[in-house]
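These notes concern the structure reproduced below.
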Amino acid sequence: MKSFEYAAPSTVEDALKLLGAPNAAALSGGTDLISRMKDYVSSPDRVVYLKEIKALAGIVGDAKSAGVTIGANTKLADIVAHQGIREAYPALYQATAEVGSPQIRNMATLGGNLLQRPRCWYFRSGNGLLALKDGRSLVRAGDNRFHAIFMTDGDALFVSPSSLAVALSALDAQATIAGTKGERTVKIEELYQVPKRESDSEFTIQPGEILTKVTVPPAKGKNASYEARHKQAQDWPLVLSSVNLTMDGDTVTAAKVVLYGVAPIPWRSAAAERAITGKRVTPENAATSGEAAVEAAAPLSMNAYKVALAKTVVKRALLSAVGNRYWEQA
Ligand SMILES: Cc1cc2nc3c(=O)[nH]c(=O)nc-3n(C[C@H](O)[C@H](O)[C@H](O)COP(=O)(O)OP(=O)(O)OC[C@H]3O[C@@H](n4cnc5c(N)ncnc54)[C@H](O)[C@@H]3O)c2cc1C
């Protein structure tokens, strides 16, 4: 690892000053940044540890009536342990409870989770986000089994790695970002963008800014997440879907369906949403919505299996939201 300056400020203001230096990086739980530094994928000159800023940790509010605010330093384990979140936002609880392992959830923070870098093995081997060599995509020509199935006509073929981003996006959550010019609030999905050039970031947050908190509005309808994984521990999902349904009795009047593992951003499926709106969430209607979710999929040479997974996770997330987990009885 390259040597670096280290600071551990106790206020956001001091952290912003320290992060204003060129090539500085924020450090939270370190479960992503430290491994990138060890592999020379990221080599900051200054590392600013945020976890001494006590004001950035904790969960406040009432999930059922007013919504909750979750500080960026809040550990994933504390999100999983929060009874109000578990009851009102099963989509967030389920997506968080499956992350990594207990050790990782005890170190990892909400802010670091949302801003972790892609797991694409070409990126992690130092080939850059777009992994272009002599203008040609190493991903397209190489081992792309864990890559995108949407937006594959572009050069950004990695998949956005945060499970929580997908759940929080479905729940219409907002992130607050602090910078030297003040604070701004963006929808969770607006934190992400598709890089067009190697110098572009996959985030809209600017160097030197700090994500301070996430606000989740009160849960009104029914929500859930469902994911498919290669194995049960120490891994990321292959594909995950989080759904949030507004209901009139048994009928869906509005739906938000978001997918993980299929695109370089959390992928919202308007087609899946249209397919379930105005309907009851039966296995047949949920399956139709799953089919709609993948209509526009364009898989790469090795990842067509994700199309089948995406259909299934959308169907099962919808059914989970209304309490029908029939496959567990099989
Ligand atoms: C084996 C394994 C399995 C995993 N499985 C999953 C999974 O299933 N789903 C999933 O979503 N993740 C998974 N992860 C990733 C894990 O959740 C992330 O590494 C973790 O959440 C990052 O949080 P952190 O606090 O450790 O971040 P750090 O490593 O400290 O930081 C990550 C990045 O975010 C930036 N950053 C951190 N906090 C802030 C802030 N407040 N403001 C601005 N920038 C900030 C840092 O500069 C850095 O670039 C897994 C990780 C491992 C090792």
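The values are calculated or read from the model by the stated rules, or taken from the named source; none is laboratory data. The structure displayed is predicted, hence computed values, not measured ones. Please note: Cβ atoms are built from the backbone with ideal geometry, for glycine as well, and neighbour counts cover all protein chains shown. To get the accessible areas, we keep the full protein, side chains included, count just its heavy atoms, and leave off ligands, DNA and RNA. Shrake-Rupley method; radii C 1.70, N 1.55, O 1.52, S 1.80 Å.
Note on segment 129-266: dipole from Cβ charges, positive end direction compared against PHE158, ALA175, GLN234; the farthest Cα belongs to GLN234.
Sorting the Cα pairs of the chain by distance into bins of 10 Å, from 0 upward, gives 6, 26, 34, 24, 8, 1 percent per bin. For segment 62-185, the Cβ-based charge dipole about the Cα centre amounts to some 340 debye (Lys, Arg positive; Asp, Glu negative; other atoms uncharged). Taking only alpha carbon atoms, segment 106-153 gives an Rg to Rh ratio of 1.06, where Rh is the Kirkwood radius.
Placing a label point 7 Å from the Cα of GLU284 along the Cα-to-Cβ direction, no residue of segment 292-326 has its backbone N under 13 Å from that point. Between amide H atoms placed 1.01 Å from N, distances below 5 Å from ASN144 occur with MET302, all of them 5 or more places distant or on a separate chain. In summary, segment 83-192 shows an alpha-carbon radius of gyration equal to 1.25 times the 2.2 N^0.38 Å reference for compact globular proteins.
Close amide-amide hydrogen proximity is noted between LEU27 and VAL48, TYR49, LEU50, each under 5 Å apart and 5 or more residues distant or on a separate chain (H modeled in the peptide plane; Pro and chain starts excluded). Looking at the chain, the accessible area is 44 square angstrom per residue; that uses a 1.4 Å probe and ignores ligands, DNA and RNA.
Of LYS2/LYS51; LYS51/LYS306; LYS187/LYS315, which ones are farther than 27 Å apart at the Cα? Over 27 Å apart, Cα to Cα: LYS51/LYS306.
Hey, what D do you get for segment 193-234 in µm²/s if you plug the Kirkwood alpha-carbon radius into Stokes-Einstein at 37 °C and 0.692 mPa s?
D, rounded to a whole number, is 217 µm²/s.
Would you compute, from DSSP H runs of 4+ residues alone, the mean residue ellipticity of the chain at 222 nm, taking -39500 (n - 2.57) per run and dividing by the full residue count, rounded to the nearest 500? Calculated at 222 nm, the ellipticity per residue is -7500 deg cm²/dmol. Quick one: longest stretch of the chain between exposed loop chymotrypsin sites (Phe, Trp or Tyr not before Pro), exposed meaning at most 15 other C-beta atoms within 10 Å and loop per DSSP? Formally, the longest exposed-site-free interval is 41-330. Seen from all directions on average, segment 172-290 presents a Cα convex hull projection of 9.9 nm². Pairs spanning more than 30 Å between alpha-carbon atoms, out of LYS231/LYS311; LYS38/LYS231; LYS17/LYS220; LYS54/LYS256: LYS17/LYS220; LYS54/LYS256.
D by Stokes-Einstein for segment 157-199, Kirkwood Rh over Cα pairs, 20 °C, 1.002 mPa s: 179 µm²/s. Using the Cα coordinates of segment 11-83, the gyration tensor eigenvalues translate into equivalent-ellipsoid semi-axes of 28, 16, 8 Å, sorted from longest to shortest. Close amide H pairs (under 5 Å, H built 1.01 Å from N) link GLN193 with PHE203, THR204, residues at least 5 positions away or on another chain. Counting Lys and Arg as +1 and Asp and Glu as -1 over every other residue whose Cβ lies under 14 Å from the Cβ of SER3, the net charge comes to +1.
For segment 310-327, 3J(HN,Hα) computed residue by residue from phi via the Karplus equation (6.51, -1.76, 1.60; θ = phi - 60°) reads 4, 4, 5, 5, 5, 4, 6, 5, 4, 5, 4, 4, 9, x, 9, 10, 4, 5 Hz, glycine and proline entered as x. Computed over the alpha carbons of segment 45-134, Rg followed by Dmax gives 16.2, 55 Å.
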